[in-house]
Amino acid sequence: MGLYQGCIFWSSSVSLVDGRIEETHTLQEAQAADFHHTFYFSPEQASKIDDGECGFFWITEDGEVGAEWRESLGRDIIGSIREQITVIEWMESMGNKADENEQEREREDMTGFEKFQQKIKDGILTYLPGEYRDAAVEIVHVPGNNDQEQTAMTIKREGQEMAARVFLDEYYARFPDWVSDETILQTVAGDYLENESKREWAENMRESAKDFNTIKENIRVEVVNRDMNKESLKNCPKKEIEGTDLLAVFRILFFEQGKECANALVTNELMETWDMDVETLYETALDNTAVQMPAQICSLMSVYFDGEESLEPGEVFSEEQEMYVLTNPQKSKGAAAMLYPGLLQSIAEATQSSFYILPSSIHEVLLMKEGNGMGAKELQSMVTDINQAQVPPQEVLSNQVYFYDGKEQKISMALSPEETRDLVGNREMATAGYEGMETEGMEEEMER
């Protein structure tokens, strides 16, 4: 196996012009396609391979670059490949158990994660420079979005008060069981040292954040759920989004040489230092976000098939049954686009429509025209199902569906609290096996 830009892969395409790796795939993807590259590489890459613009290679069990015609790659191309990747040791457990192991990991067995934490804690110092030999390794829990805890590791040398940290959840999700401990520990150690080298810079950035004029253009607005963030946001300023169960919160992005290197939520203490109120902060952050992360609207079908062609407000709902994705070009925290001044109303006026807003995640929302054949209860049930089955807990935006009324020019809950309670109650009863039972029979069953 190989590691390329933090991702594990088995096969890849490489440019025969400059030797750069262009597309990578896992062994499981290759197996699912019966090892025919045409079926699991993108059409563009498959065409390049077939036309001779790109070469196809894989990583053998002994760590070599394998190809059907090795000489066709040439020594220079193979040398370039080796410079771009890290070879990962195959473990005996890989073989036929790879799929079984991945399925077990997907069940998120916390006992397994606890063992993973202990393995990193016990072994990490061996892969760090000598000055870390007597350092104290600590596992800490950091609150995240939706009050979801993240597990981090810090390493403090003697006399060191502050230390960098790495989040172990990310490595547990990234590395399957068959990846060797050595590869995992080398990766974590390398990332930790990089973070530690930037710690002084990060502390300077936090100090500079006290001067509002220095960082005001780097403040962004994000949308999160009100009820799911009572603990994580208790020390942060927030603005309630009228008619919804959502909050607008504020985050500072820190840049080095034009690249985002760190970020932090605005706290009440920092806002007081700025001598600023929430409304002014909201206007500043919203203006920044709308300009620097502009809204992007595309049909849901184009996301999967046509390359996400961006649409103008008047082009939305051109297909009656279609859903449309509202996000930003970065596909990050894009649900905030629903707050951009005048955007929802411009869609309503251009299409002469009112519409539902489905909270897909904190990164995007879906728009669906009213009267498309699906009612609010059906849509809300669908959102809840998807949140439970597919969306990571820290990225859930809401289980509610919203409705934008073009005539009233306002957003509201699509269902009343009573309707939502009834829907939740019916879903719970259906899950328990009572769906479709007659009332009398149901009462008898519940008495038992």
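Tabulated data
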item: Positive-end extreme of charge dipole, the chain - chosen from P341, S47, P176 (charges on Cβ); result: P341
item: Mean Cβ neighbour count within 10 Å, used as a protection proxy, ranking 408-414, 216-222, 202-208 highest first; result: 216-222, 408-414, 202-208
item: By average C-beta atoms within 10 angstrom, highest first, the peptides 22-30, 113-121; result: 22-30, 113-121
item: Under-5 Å amide H pairs with C261, H placed in peptide plane, nonlocal only; result: F254, F255, E256
item: P(r) histogram, all alpha-carbon pairs of region 205-292 included - 5 Å bins from 0, percent; result: 3, 14, 26, 26, 18, 10, 3, 0, 0
item: Value in Å of the Kirkwood radius, where the chain supplies the Cα pairs that are averaged; result: 25.7
item: Dimensions in Å of region 109-197 - Rg and Dmax from alpha carbons; result: 13.0, 39
item: Whole-Hz couplings from phi, Karplus 6.51/-1.76/1.60, listed for region 24-36; x for Gly and Pro; result: 10, 9, 7, 4, 5, 5, 5, 4, 5, 9, 6, 6, 9
item: Net charge of neighbours whose Cβ lies under 14 Å from the Cβ of Y192, counting Lys and Arg as +1 and Asp and Glu as -1; result: 0
item: HN-Hα J in Hz across region 327-333 - Karplus 6.51, -1.76, 1.60, θ = phi - 60°, x for Gly and Pro; result: 8, 9, x, 7, 6, 10, 6
item: Summed side-chain charge close to K210 - residues other than K210 whose Cβ falls under 15 Å, Lys, Arg +1, Asp, Glu -1; result: -4
item: Relative packing of peptides 334-346, 353-365 - highest average C-beta neighbours within 10 Å first; result: 353-365, 334-346
item: Among Y282, Y324, Y304, residue whose mean-square fluctuation peaks in a GNM of the chain (springs only between Cα atoms under 10 Å); result: Y304
item: Spherically averaged projected area in nm², based on the convex hull that wraps the Cα atoms of region 2-87; result: 5.1
item: Region 242-285-region 181-203 distance, computed between alpha-carbon centres (Å); result: 27
item: The chain: most fluctuating residue of G375, G79, G406 per GNM, C-alpha cutoff 10 Å; result: G79
item: Within-10-Å neighbourhood charge of Q45 [Cβ basis; K, R +1; D, E -1]; result: -4
item: Cα-Cα P(r), region 296-431, percent of pairs per 5 Å interval; result: 2, 10, 20, 23, 22, 14, 6, 3, 0
item: Estimated dipole of the chain in Debye, rounded to 20 [Cβ of Lys and Arg +1, of Asp and Glu -1, Cα centre]; result: 1300
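A short reminder: the numbers here are calculations on the coordinates, not readings from a lab. Given the structure is predicted, the values throughout are model-derived calculations rather than measurements. Heads up, the Cβs are rebuilt from the backbone with ideal geometry, glycines too, and the neighbour counts pull from every protein chain shown.
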